[in-house]
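To keep things clear, I will list the structure first and then write my remarks on it.
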Amino acid sequence: MSFTNKTAIITGATRGIGKAIALRLAKEGANIVIAAKSVEENAKLGGTIFSAAAEIEAAGGKALAVQCDIRFEDQVQNVIDKTVATFGGIDILVNNASAISLTTTEQTEPKRFDLMHDINVRGTFFVTKACIPHLKKSANPHILTLSPPINLDPKWFEKHVAYTITKYNMSMMTIGWAKELAKDRIAANALWPRTTIDTAAVRNLLGGAMLANMSRTPDILADAAYYILRQTSTSCTGNLFIDEQVLAKEGITDLSTYSVVPGAQLYNDLFV
């Protein structure tokens, strides 16, 4: 599949993994819609929908920045309407936006529980629903969700059950959409990293600079996403991919260039 003039909506694309995927597809000539909340710079997080749009256009793509909190259906519909008005349709949806709180049951406050479910589960579901009528019209439609393989080992539940069930919900929706939308030739896949990725979440919430230095850059997920999304939608659907597996299938086994610190010991991500 050529990405020239194909239109991708990417939620949470102002920074990190979402922006890396946006830039990778922009290099191939895609139109990128940045659907995210940040319109003012946050010193800890960095990036806004406008700075991301500038980078996307510098990379060779066309960009549309639309402020959107995916918890609210009217804001989601605004993204869809502006996308179709600007680019004429939707070919790709990347469900990247997500909230995280690695807390035990006793430590999890209701507002954090609700936020994770509202963004990870409800938001992902209704963004996808809003895109389906337009994806049906695409020649090679894809839904790609950033969520993990479903691993029922109790160790992935005991320390952060609230977060785990939201991410597994995203993966279960992927499995369901692959079957439900097969008749419409819409592919639905999930993608997850084997190692931790150097993002603002890792630096600010999880392990700071020490964990970031044991991580890979978001580029590994961007490349994996590129290889998934260029497949024909009828032949590549219903998979819960790990980034390394995708690259290996493409013959890419030397992953050293993705390490934040060359030669450093890498830290396995959650759920793998």
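Readers should treat all values here as calculations from the given coordinates under stated rules, not as data from a laboratory. Everything numeric in this text was worked out from a predicted model, so none of it was measured. Here the Cβ is made from the backbone with ideal geometry for all residues, glycine too, and neighbour counts use every protein chain on show.
Taking the mean number of other Cβ atoms within 10 Å as a proxy for protection, how do you rank 17-28, 233-244, 98-109, 213-224 from highest to lowest?
17-28, 213-224, 233-244, 98-109
So what is log10(I(q)/I(0)) for the range 43-89 at q = 0.24, 0.31 1/Å, when the Debye sum runs over its Cα atoms only?
So the normalised log intensities work out to -0.95, -1.06.
Over all distinct alpha-carbon pairs, what is the Kirkwood Rh of the chain in angstrom?
18.5 Å
Can you run phi through the Karplus equation (6.51, -1.76, 1.60; θ = phi - 60°) for the range 117-124 and list ³J(HN,Hα) in whole Hz, with x for Gly and Pro?
6, 5, 8, 5, 9, 5, x, 4
Considering the Cα trace of the range 172-262, what is its radius of gyration and what is Dmax, both in angstroms?
Final numbers for Rg and Dmax: 15.2, 47 Å.
Beyond 28 Å between alpha-carbons counts as too far, so tell me which of 19/136; 6/37; 27/159 fall in that bin.
Where the Cα-Cα span goes over 28 Å, the pairs concerned are 27/159.
Can you grab the distance from the C-alpha centre of the range 201-272 to the C-alpha centre of the range 62-79, Å, no decimals?
Result: 27 Å between the Cα centres.
Using θ = phi - 60° and the Karplus relation 6.51 cos²θ - 1.76 cosθ + 1.60, list the HN-Hα couplings for the range 62-67 in order, rounded to whole Hz, with x at every Gly or Pro.
Once rounded to whole Hz, the list reads 9, 10, 10, 9, 10, 5.
Could you quote the convex hull projected area for the range 147-192, Cα atoms only and averaged over all directions, in nm²?
3.2 nm²
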